[in-house]
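*Asks:* Please see the structure below; I have some questions.
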Amino acid sequence: MIPHIRLTNQQLGNPLFNDPKELVTWMGAIQAQEYTMVKWAIGMRLQQGNLQMVENAINKGDIIRTHVMRPT
């Protein structure tokens, strides 16, 4: 039961969103170390997403990419 709930909440089992902005707003934030991987993580959580759609959302400012340096 817990794996199913987690996949659903992470938008991996049955994605609800078509728009990267709506997805990131719903999730609050998505974290990844590599830029390519964060685009992939967003795209795979969309109903019909692709990397270009995510890149366009970033370039338009619909979603914001930030990096806060950490001493790790």
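*Asks:* It is to be established whether one or more residues within the range 27-40 are assigned to a helix (DSSP H, G or I) and modelled with pLDDT of 95 or more.
*Replies:* Within the range 27-40, the subset assigned to a helix (DSSP H, G or I) is 27, 35-40.
So of that shortlist, the ones also modelled with pLDDT of 95 or more come out as none.
No: zero hits.
*Asks:* Can you name the residue in the range 1-40 that is open to solvent by 90 Å² or more (accessible area, probe 1.4 Å) and among the basic types (Lys, Arg) and is also nearest to the chain's Cα centre (by Cα) among such residues?
*Replies:* LYS21
The values are calculated or read from the model by the stated rules, or taken from the named source; none is laboratory data. Everything quoted here is computed from the prediction, not taken from an experiment. To get the accessible areas, we keep the full protein, side chains included, count just its heavy atoms, and leave off ligands, DNA and RNA. Shrake-Rupley method; radii C 1.70, N 1.55, O 1.52, S 1.80 Å.
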